[in-house]
Amino acid sequence: MQFASVLPLVFQNLGVSRQGKLLLDNLNTTVESAGTTIILGPNGAGKSLLLRIAHGLDLPDQGSLQWNQQTPQPGEPWRAFVFQKPVFLQRSVYANLEYVLKLNKIGKTNCDSLIREALQHTGLAELAARSARTLSGGEQQRLNIARAWILKPKVMLLDEPTAELDPSGVATIEMLIKAIAQQCTKIVMTTHSLGQAKRLASDILFLHQGRLIEHTSANLFFSQPETDLAKDFIAGKLLNNH
Amino acid sequence: MKYRLLKVIAAVYFLTLNPAMGNSFITLVSTTSTENSGLLDNIVPKFREQSKINVRVVAVGTGRAMKLGEMGDADMILVHHRASEEEFVSKGFGIERSEVMYNDFVIVGPPEDPANIRYENRTLDALSQIYEHEMPFVSRGDDSGTHKKELELWTMAGLNAQQYSGNWYHETGAGMGATLNIANAMGAYTLSDRGTWLSFKNRDRLVLLFEDDPPLHNQYSIILVNPEHHPHIKINEARSFANWLVSDQGQQAIADFTFAGQQLFFPNAQSKHR
Amino acid sequence: MNDFSQAFSKAIWLIIQLDGDLIEIVTLSLQVSLTAVLIASMIGLPLGAALALYRFFGRGLLVAMLNTFMGLPPVVVGLVVYLILSRSGPLGMLGLLFTPTAMIIAQVCLIAPIVAALTRQTILDANDEYHEQLKALGAKPSGLMITLLWETRYSLVTNMFAGFGRAIAEVGAVLIVGGNINHSTRVMTTAIALETSRGDIELALALGIILIMLSLTVTSVVMGARHAAYKIYN
């Protein structure tokens, strides 16, 4: 299994506090399975922060997060991060992908075929010459994923990638994510959408107010949630402060 | 290649940037009066035709002209204040001072002439009238030849006008033209060299009120900057311009220069420098 | 008002008859100020970007100096450059005083701080927007500078022309180090000063009008080009 080199993902006593506020509170768990791991929880649960730490964009104050005993640094090509709101260079779609390849010193000879492949994959081939900033929201998110995928990472981290899309946009992105997951890329993704978690997740990390409430397989989480919080969340109730 | 076109453009650009490069030239620092009146623009081409030497004229006040000469930033200076000139030479900054031409100073002011100077016979009396009536007077205040002359005249009259600076005595610290503009706007008196006055166009509220008195004589001299202090001084070219100025041809060129039919400068070279 | 209309028709007349002296002065003005802007940008763009992106010793002092130097009086710059280029100054042996080169040097000193300070702000703002994303993609701090300079190129052109506007309009510095020598270092602003002192207010005003038109033309051409380029990319 090619995940051997990056998994397991281990949180150990992971804690973050900012300005006296505890944002992540002593998280401990291990993600071993391939498939798609969904970090689920209401707004303010600390989902994005956890994901950012997994890419090395933020550092924990306590404990550690390690991919196969490695602390992540931003810019390691085996891992890619997809922001909820992508920032594109003021260049064409093609040039935005080319930029990533240049950053990673991919030889010019391979560039074009890699870019064409990524565009094909995300259905953007027709838009290669368009300026990235003039794309629609859905197209932008596809380009965002193409940009992450182009280096064929072993892990892709996605932060609420469909939060700002309409239903058809959501469906397209979810299809893309599924396809990528099937190509043996480990997906870790945050969402606050139950439906999305159901559709995509193989296992679920349920967070609430900075604490890890449950970490189980998706089937178990939805059929037999262990905690009241999880039950309430699945039932669509507002979660009170516990 | 588009880069070739770029190179050609760059080459043309930089060649035209310093157009006089390669030509022989000297730098003459002169008073503003000789520049503002257009004299040098008129006679320099005549010299250039003969000698193939171009004269670049930088116009500043006499005080600064001497400073520029002292620092070696000019090859020669054309100025008009005898005492300063002699000091400049005696200190070793300049050599071969030659008197070239003269004109005179005039007092101009508002046509109503509230200080009643137009009927005075002596310059010093005219100034005393202005002083006593505390009429607005604009001084160059810039250490130029004209300014030095004006201060001398006050001193000769035994008056200390500068103590009224900011009251009725206004120091502009500017060139002759700028000072005339200010006098015009203020309805004030001022001392001007005749050349600048005659060629000055913006004198709607100024008239000539006092002239023709020996103390108002205005002598221009040329001095070469001492090459012993500054080896880069183009002494031969500078000397040939100085010689031309005092030659019959140069003197004639000065006499021939007129503005609106009036001669502005009167050649009076004494053939050899003193 | 009569003065203005007369000056205006004089300005038009000077332009349509392609007055030789006028062309010479306009050409030199453009050459000096455009060259100054180019050189000032070569200094100011990387300097401003570095000040925005990197922390190094003396950075705070440099930023404070830049902000102060943005408002330097041209006369002071002229005086300092004069003292340096004077035959009695440290670079006197180059013989640059009273040449267009000296005027370019003075204008570079005048506008490089402006270009640098404005660039710093532009890059700071851009960095806020791009930093996370580029870091996540694996951009190294060293490469960030080039990327951000290119990304903000349209704003930077505007910054450069803020510098150009100041350069072409200033008279204090070029008068001192250039000397306003006819056919050699006379530019629009020094010619205007000269004609004013000659009392030829009409001609001075006409030249002033031409200077404004010139500035307007250059700015429109550049902004037009900028807009066209922007359209291609966006």
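Please sort C:22-35, A:168-181 by packing, taking for each peptide the average over its residues of neighbouring beta carbons within 10 angstrom, highest first.
Listed from highest to lowest mean packing, they are C:22-35, A:168-181.
What base-10 log of the normalised intensity I(q)/I(0) is obtained for the range A:1-157 from the Debye formula, alpha carbons as equal point scatterers, at q = 0.10, 0.11, 0.12 Å⁻¹?
-0.43, -0.51, -0.60
Once both labels are modelled 7 Å past Cα along the beta-carbon direction, what's the B:L124-C:T27 spacing in nm?
5.7
As a test of the formula, what do you get for chain C when each DSSP H run with n ≥ 4 contributes -39,500 (n - 2.57) and the sum is divided by the residue count, at 222 nm and rounded to the nearest 500 deg cm²/dmol? Numbers along the way, then the final one.
On the way: 10 runs with 188 residues, N = 234.
Result for chain C, helices only: -27500 deg cm²/dmol.
What part of the accessible area of the range B:105-216, given as a whole %, is carbon or sulfur when the probe is 1.4 angstrom? Intermediate values should be presented prior to the final figure.
Numbers: 1970 of 4440 Å².
Summing carbon and sulfur atoms, their accessible area is 44 percent of the total for the range B:105-216.
So which of A:K152/C:K231; A:K152/A:K178; B:K201/C:K10; A:K47/C:K135 end up more than 26 Å apart by C-alpha? It would help to have the intermediate numbers written out before the result.
Numbers: A:K152/C:K231 33 Å; A:K152/A:K178 15 Å; B:K201/C:K10 16 Å; A:K47/C:K135 20 Å.
Those over the limit are A:K152/C:K231.
What are the residues of the range B:69-101 that lose 50 Å² or more of accessible area, with a 1.4 Å probe, going from their chain alone to all protein chains?
In the range B:69-101, residues shielded by partner chains: B:M71, B:D73.
Translational diffusion coefficient of the range B:155-258 at 10 °C, 1.306 mPa s, Stokes-Einstein with Kirkwood Rh over Cα pairs, in µm²/s as a whole number.
Numbers: Rh = 17.4 Å.
Answer from the Stokes-Einstein relation: 91 µm²/s.
Using only the alpha carbon atoms of the range B:46-95, find the Kirkwood hydrodynamic radius as the inverse mean reciprocal pair distance, in angstroms to one decimal. Intermediate results must be reported in sequence, preceding the final value.
On the way: mean 1/r = 0.0843 Å⁻¹.
Mean inverse Cα-Cα distance, inverted, gives 11.9 Å.
Using θ = phi - 60° and the Karplus curve 6.51 cos²θ - 1.76 cosθ + 1.60, what whole-Hz ³J(HN,Hα) does each residue of the range B:243-251 get, with Gly and Pro shown as x?
Couplings: 4, 5, 4, 8, 6, 4, 4, x, 5 Hz.
If amide hydrogens are placed 1.01 Å from N in the peptide plane, which non-local residues have theirs closer than 5 Å to the one on A:D58?
Under 5 Å from the amide H of A:D58 lie the amide H atoms of A:I53, each far enough along the sequence or on another chain.
Return the distance in nm (one decimal) between the two label points of a simple spin-label model at B:N167 and C:L79, each offset 7 Å from Cα along Cα→Cβ.
Modelled inter-label distance: 2.9 nm.
Working from Cα positions, state the angle (0 to 90°, nearest 10) between the long axis of helix A:167-182 and the longest principal axis of chain A.
On a 0 to 90 degree scale, this one is about 90.
Using a Cα-Cα cut-off of under 13 Å, which aspartates and glutamates could be cross-linked to A:K198, ignoring same-chain neighbours fewer than 8 residues away?
A:E174
With a 1.4 Å probe and all protein chains left in place, how much accessible area per residue does the range C:60-169 have, in Å²?
On the way: 4420 Å² over 110 residues.
For the range C:60-169, the solvent-accessible area averages 40 Å² per residue.
Once you have the Cα-Cα distance between A:T29 and A:T134, take 0.36 nm times their residue separation minus that, and quote the gain in nm to one decimal.
Working: separation 105, 0.36 × 105 = 37.80 nm, distance 4.15 nm.
Length gained between A:T29 and A:T134: 33.6 nm.
Treat each spin label as a single point 7 Å out from the Cα along the C-beta direction, and report the B:L208 to B:T155 distance in nm.
2.8
Please state the relative contact order of the range A:48-207 as a whole percent: Cα pairs under 8 Å, 6+ residues apart? Show your work: numbers first, answer last.
On the way: 190 pairs, mean separation 41.9, N = 160.
RCO, the range A:48-207: 26 percent.
Which far-off residues, 5 or more places away or on another chain, put their amide H under 5 Å from the one on B:F25, with H placed in the peptide plane?
Under 5 Å from the amide H of B:F25 lie the amide H atoms of B:N54, each far enough along the sequence or on another chain.
Please list, in chain and number order, the residues 5+ apart from A:L158 or on another chain whose amide H is under 5 Å from its amide H, with Hs placed from the backbone.
So A:L158 has HN proximity to A:V82, A:V188, A:M189, A:T190.
When the helices in chain B are scored as -39500 (n - 2.57) per DSSP H run of 4 or longer and the sum is shared across all residues, what 222 nm value do you end up with, to the nearest 500 deg cm²/dmol? Display every interim value, and only then the final one.
Details: 11 runs with 113 residues, N = 274.
Helix-only estimate at 222 nm: -12000 deg cm²/dmol.
Report the Rg/Rh value for chain C, based on alpha-carbon coordinates and the Kirkwood definition of Rh. Kindly include the intermediate steps, with their values, before the conclusion.
On the way: Rg = 20.3 Å, Rh = 19.4 Å.
The Rg/Rh ratio comes out at 1.05.
Once A and C are treated as a pair rather than alone, how much accessible area drops out, both sides summed, in Å² to 100, probe 1.4 Å? Intermediate values should be presented prior to the final figure.
Values: alone 11680 and 12420 Å², together 22250 Å².
Counting both chains, the buried surface is close to 1900 Å².
To the nearest 0.05, how large is the calculated FRET efficiency for B:H133 and C:Y154 if R₀ is 60 Å and r is the Cβ-Cβ distance?
Numbers: r = 64 Å, r/R0 = 1.07.
Between B:H133 and C:Y154 the formula returns 0.40.
Taking N as the number of residues in the range C:45-175, what is its alpha-carbon radius of gyration divided by 2.2 N^0.38 Å?
That works out to 1.24 for the range C:45-175.
Report, please, the projected area of the range A:64-212 averaged over directions, based on the convex hull of its C-alpha atoms, in nm². Present the calculation step by step, with values, prior to reporting the outcome.
Working: hull surface 38.6 nm².
Its average projected convex-hull area is 9.6 nm².
Translational D (Stokes-Einstein, µm²/s) of the range B:109-166 at 20 °C and 1.002 mPa s when Rh comes from the Kirkwood sum over C-alpha pairs?
In µm²/s, the coefficient rounds to 180.
Could you report the range A:33-112's accessible area per residue, 1.4 Å probe, as an integer in Å²?
Details: 3260 Å² over 80 residues.
Normalised by residue count, the accessible surface of the range A:33-112 is 41 Å².
From the backbone phi of the range C:82-90, what are the Karplus-calculated ³J(HN,Hα) couplings (6.51 cos²θ - 1.76 cosθ + 1.60, θ = phi - 60°) in whole Hz, Gly and Pro given as x?
Going residue by residue, I get 4, 4, 6, 8, 4, 4, 8, x, x Hz, with x marking Gly and Pro.
If you average 1/r over every pair of different alpha-carbon atoms in the range B:105-216 and take one over that average, what Kirkwood value in Å do you get?
Numbers: mean 1/r = 0.0740 Å⁻¹.
Evaluated over the range B:105-216, this radius sits at 13.5 Å.
Set the bar at 30 Å for Cα to Cα. Now go through A:K85/C:K140; A:K21/A:K231; A:K21/A:K154 and name every pair that lies beyond it.
Details: A:K85/C:K140 21 Å; A:K21/A:K231 26 Å; A:K21/A:K154 34 Å.
From the list (A:K85/C:K140; A:K21/A:K231; A:K21/A:K154), the Cα-Cα distance tops 30 Å for A:K21/A:K154.
Short version: what are the Cα gyration tensor semi-axes of the range A:113-176, square root of 5 times each eigenvalue, largest first, in whole Å? Spell out each step's value before the answer.
Numbers: eigenvalues 62, 49, 19 Å².
Working through the eigenvalues yields semi-axes of 18, 16, 10 Å.
Mind checking the dipole of chain A: about its Cα centre, +1 per Lys or Arg Cβ, -1 per Asp or Glu Cβ, Debye to the nearest 20?
Values: 24 positive and 20 negative charges, 128 e Å.
That gives a dipole near 620 debye.
Could you name every residue in the range A:59-76 that has 20 Å² or more less accessible surface in the full protein assembly than in its own chain alone (probe 1.4 Å, ligands and nucleic acids excluded)?
Correct list: A:P74, A:G75.
Roughly how much accessible area, to the nearest 100 Å², goes out of reach of solvent when B and C pair up, both sides summed, probe 1.4 Å? List each step's numbers first, then the result.
Numbers: alone 13100 and 12420 Å², together 23210 Å².
Accessible area lost upon association: around 2300 Å².
Residue by residue through the range C:167-181, which ³J(HN,Hα) values in whole Hz follow from phi under the Karplus form 6.51 cos²θ - 1.76 cosθ + 1.60 (θ = phi - 60°), with glycine and proline marked x?
5, 6, 8, 8, 10, x, 6, 5, 5, 6, 8, x, x, 6, 7
Normalised radius of gyration for chain B, please: alpha carbon Rg relative to 2.2 N^0.38 Å, two decimal places. Can you show the working numbers first?
Working: Rg = 20.9 Å, N = 274, 2.2 N^0.38 = 18.6 Å.
The reported ratio for this selection is 1.13.
Out of every Cα-Cα pair in the range B:1-160, what percent are more than 25 Å apart? Display every interim value, and only then the final one.
On the way: 6445 of 12720 pairs.
Value for the range B:1-160: 51 percent of Cα pairs lie more than 25 Å apart.
Just the Kirkwood number for the protein assembly as shown, please: inverse of mean 1/r across all distinct Cα pairs, in Å, one decimal. Working shown, then result.
Details: mean 1/r = 0.0312 Å⁻¹.
Evaluated on the protein assembly as shown, it is 32.0 Å.
The values are calculated or read from the model by the stated rules, or taken from the named source; none is laboratory data. Nothing here was measured: the structure is a model prediction, and the numbers come from that model. Here Cβ is always computed from backbone atoms with ideal geometry, including for glycine, and neighbour counts include all displayed protein chains. Side chains included, ligands, DNA and RNA excluded: accessible areas come from the protein's heavy atoms. Shrake-Rupley method; radii C 1.70, N 1.55, O 1.52, S 1.80 Å.
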